[in-house]
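Just below is one structure, and these are the notes that go with it.
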Amino acid sequence: MTDTQHDNIILVTYDSVRADHCSYTGYERETTPNLDYMANEGIAFHQAISPASRTNPSMSGIMTGEPLVNREKVSDPEISRDHINRYGTIAEALSEKGYRTAAFCPNAYASRHYGFDRGFDHFEDFLFTSDLYQSLFSKHISDSGVFTALRNFRNLIRKEEAFRTWDTYIDDVIGWANSQDEPFFIWIFALDTHYPYVTPRKDREWSNSWKTFYYNYKCNSLINEFDVSLSDTEKQGIVDIYDDALRYGDKMLGELRNRLSSFDPTYVVHADHGEAFDEHGFYGHFFPSLYEECTRVPLVVWNEDTDQETISEPFSLLQLPNVLRAIADSDLESIGETSPSALSTTYDGRRDRNLVSYHVGDYKVLTEVQDDEASTEVYDISRDPEEESPIEGSEQFTSELGNLADSRLAHEDEQIQLKEAVGEVSSNLDEDG
Amino acid sequence: MTGTESVQISEELYEMISTRLDNTQFDDASEYVEFILGEVLHEMDSLDDEGTTGVDTDQVEDRLKSLGYLDN
C-alpha cells in the first residue's frame, strides 16, 4: 500500500484443489510450501466450504455472495450471467470504493461468456473474438474428433487455450499492476491444478513422464463413470500427478509475492471446489457431489502485517465478498467471524438431481433428491472426515439437520417458482409489445 | 443489502405472503417481498440490456470439452 487508504488485494482462485491435499492443513506431502508460509503467518481456514462442486456454480456464488439456484444445465451461459447481473459482483463493490480491478482467468466456465467480467475494468479470459476464432478453426474442421484431439495435444504442449498455465500470463498480471493507480484488486484464476495434471518435468516431485501420460489417460476414461473402483496403485498414481500439479500451481504464489512486494497487497487464496479420487465411487468433479473431497477447500488470507489466526469452524466461501470488503476497510479482525452453518447447493442438469448440504459445527447433513426420491445422510465430520458411516438413528439433532436441508430445498423451489413467474409475465409483456 | 426503508402493503397481501413463508427460509414477509421485487426489477433491466460478449460459443464449448466437461 502506498498513499491510499485501501489495501491492494490479490484474489487467487485455484481450480480443483481439495484442502486435505494442502500441506498447511496437515497433508504429509509438502504440496503447497508458499501457501503454507502464508497460512503460518496469516489467517488460515481449515474448513472452508465451497458453495458448489463445480467451477461455474461455485464461482457464481463466491463472486456474488449468493448461492446459485437453478434447475437448468450450468453449461447454459444465461444461468450464471443472469445470477451475476442480478446480485452484482465483489469487483463492482470494490470499484465503488475506488479500486482499479482486473481479472486473469483462463477457465472458460468463469469467462466473460458466463458473465464473470461484470465489474472488472480489465478482464482477460484468453478467449478470442468470434471472427478471429472462425478464421483459425473453421466449424467444419473443428467438428472432427481427430482434429480436436490433435488440437488438444498441440495446446497442451504450447500451453494454450484450455491448457494455459500460470507462467504464460503472470507477466501480464505484473504489467497490469505496474500500470495502475492504487488501490487495485486483481483476480487470478489458476487452471494448473485442473485435470489434465501436466506438470513441467523439472517441477515434478512424485511423478514422471510415464505416470503423467498413463494416469491422465486413466482419469480421462473415468470422467463419465459414476461407479468406479480404482485399485490402490491406480489411486496413488492419480494422486501423484495431482499432487505435483498442486505443487507447481503453488509456485505462482511465491512468484507473485516476490514481484508484487512493493505494492504490499493482501492475498486471499482459495479453490473453487475439490476433486474426488474414488472416495465415494467417482473421480474428479464432473459428477456433482457435495462430499468433503468435493467441497472442502483451502482458504488463506495474508499480508505482511496480519496476525496469525487459525479458523477451525466451517466457513462458507459465500462469505468471500465480505472478507474482501473487510480487507478493503482494513477490518481484518472481522474476517474470521463464522456463521452458524455453511451451505453448499448444486443441481445436476444431466441427471436431474438436487443436492444440498450444511455444515453445522462438527456435523454435516447431505440431502439428494432425484426422481422425487429424497435421501439424507448425517455425518460427524470430526470423527468421520471421509464420510464413510452416516450416523444411524433419528435423534432430535439429526432430524433437525435433515429438516434444515429439506427447508433449503423447499426454499429453492419457491425461489425458482417466483423467478419463473416473473419471467413469464415479462415475456408476455414483451410479446404484447 | 446496505440499509432498509419501510413500505406498506395491504393486510390481505401480507396474509397471502405469510402463508407461503412456512416452507421457505425467508425470515419474514419483508425478505420475501425484497426477493420478488429484486427479481422483477432485474428482469426489467434485462429486457433493456441484451448485450452480447462477442465470444464464439463453439470456442467456449471446445475448451470445456478439452477440460473433460460434458454437457451438464
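About the Cα centre of the protein assembly as shown, what is the dipole size in debye to 20, counting +1 per Lys and Arg Cβ and -1 per Asp and Glu Cβ, all else neutral?
On the way: 39 positive and 101 negative charges, 530 e Å.
Its charge dipole is roughly 2540 debye.
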Checklist entry - Can you give me the relative contact order of chain A as a percent, contacts being Cα pairs under 8 Å and 6 or more apart? => result 27 percent
Next on the checklist: Can you give me the convex hull volume of the Cα atoms of the range A:13-76, divided per residue and expressed in Å³?
Outcome noted: 102 Å³
Item to check | Rel. contact order, % - alpha carbon contacts under 8 angstrom, at least six apart, the range A:279-433 | outcome: 16 percent
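For the peptides A:289-302, A:230-243, A:48-61, what is the packing order when you average, over each peptide's residues, the other Cβ atoms within 10 Å and list the highest mean first? Please report the intermediate quantities before stating the final value.
Details: A:289-302: 26.0, A:230-243: 17.7, A:48-61: 28.7.
Ranking the peptides A:289-302, A:230-243, A:48-61 by packing returns A:48-61, A:289-302, A:230-243.
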Checklist entry - Taking the Cα atoms of the range A:248-371 alone, what are Rg (to one decimal) and Dmax (as a whole number) in Å? => result 17.2, 56
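What FRET efficiency comes out for A:LYS218 versus A:ASN428 if R0 is 35 angstrom and r is the Cβ-Cβ distance? Round to the nearest 0.05. Don't skip to the answer; put the middle values down first.
On the way: r = 52 Å, r/R0 = 1.49.
About 0.10, to the nearest 0.05.
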Item to check | A:ASP305-A:THR338 FRET efficiency (beta carbon distance; Förster radius 25 Å; 0.05 resolution) | outcome: 0.65
Item to check | Extent along principal axes [Cα atoms of the range A:213-291; Å; largest to smallest] | outcome: 50, 27, 17
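Counting only protein heavy atoms and a 1.4 Å probe, tell me what percentage of chain A's accessible area is made up of carbon and sulfur.
On the way: 7750 of 17530 Å².
Carbon with sulfur: 44 percent of the solvent-accessible area.
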Item to check | Listed residue (A:VAL365, A:HIS194, A:SER312) projecting farthest to the positive dipole end of the protein assembly as shown, Cβ model | outcome: A:HIS194
Checklist outcome for this item: In nm², the average projected area of the convex hull spanned by the Cα atoms of chain A is 22.9 nm²
Checklist entry - Using a simple spin-label model with points 7 Å from Cα along the Cα→Cβ vector, what separation in nm is obtained for B:ASP58 and A:SER389? => result 5.6 nm
Next on the checklist: Just to be sure I understand the model, the point goes 7 Å from the Cα along the line to the Cβ. What's the resulting B:SER30 to A:ASN403 distance in nm?
Outcome noted: 2.5 nm
Next on the checklist: Taking 20 °C and 1.002 mPa s as the conditions, I'd like the Stokes-Einstein D for the range A:254-312 in µm²/s, using the Kirkwood hydrodynamic radius from alpha carbon pairs.
Outcome noted: 154 µm²/s
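Could you do me a favour and compute the accessible area per residue for chain A, 1.4 Å probe, result in Å²?
On the way: 17530 Å² over 433 residues.
Heavy-atom SASA per residue in chain A reads 40 Å².
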Checklist entry - Ignoring ligands, DNA and RNA, how much accessible area is buried between chains A and B, both sides summed, with a 1.4 Å probe, to the nearest 100 Å²? => result 4100 Å²
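Would you work out the charge dipole size for the range A:185-246 about its Cα centre, treating the Cβ of every Lys and Arg as +1 and the Cβ of every Asp and Glu as -1, and quote it to the nearest 20 debye? Don't skip to the answer; put the middle values down first.
Numbers: 6 positive and 10 negative charges, 51 e Å.
In debye, rounded to 20, the range A:185-246 gives about 240.
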Checklist entry - Based on the Cβ-Cβ distance of B:LEU13 and A:LYS73, what FRET efficiency does E = 1/(1 + (r/R0)^6) give at R0 = 45 Å, to the nearest 0.05? => result 0.80
Item to check | Per residue, the convex hull volume that the Cα atoms of the range A:56-133 enclose (Å³) | outcome: 89 Å³
Next on the checklist: Counting only protein heavy atoms, probe 1.4 Å: which residues of the range A:338-364 lose 50 Å² or more of accessible surface in the full assembly compared with their chain by itself?
Outcome noted: A:ARG350
Item to check | Reference-scaled alpha-carbon Rg (2.2 N^0.38 Å with N residues) for the range A:362-409 | outcome: 1.12
Checklist entry - Hey, could you pull the Cα Rg and Dmax for the range A:336-433, both in Å? => result 17.4, 61
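For the range A:164-233, what D do you get in µm² per second when you plug the Kirkwood radius from alpha-carbon pairs into Stokes-Einstein at 4 °C and 1.567 mPa s?
Numbers: Rh = 15.3 Å.
Calculated translational D: 85 µm²/s.
The values are calculated or read from the model by the stated rules, or taken from the named source; none is laboratory data. Note that the structure is predicted; figures quoted are calculated from it, not measured. Because the Cβ atoms are built from the backbone with ideal geometry, glycine has one as well, and the counts that use them run over all protein chains shown. Side chains are part of the model used for accessible areas, which takes the heavy atoms of the whole protein and leaves out ligands, DNA and RNA. Shrake-Rupley method; radii C 1.70, N 1.55, O 1.52, S 1.80 Å.
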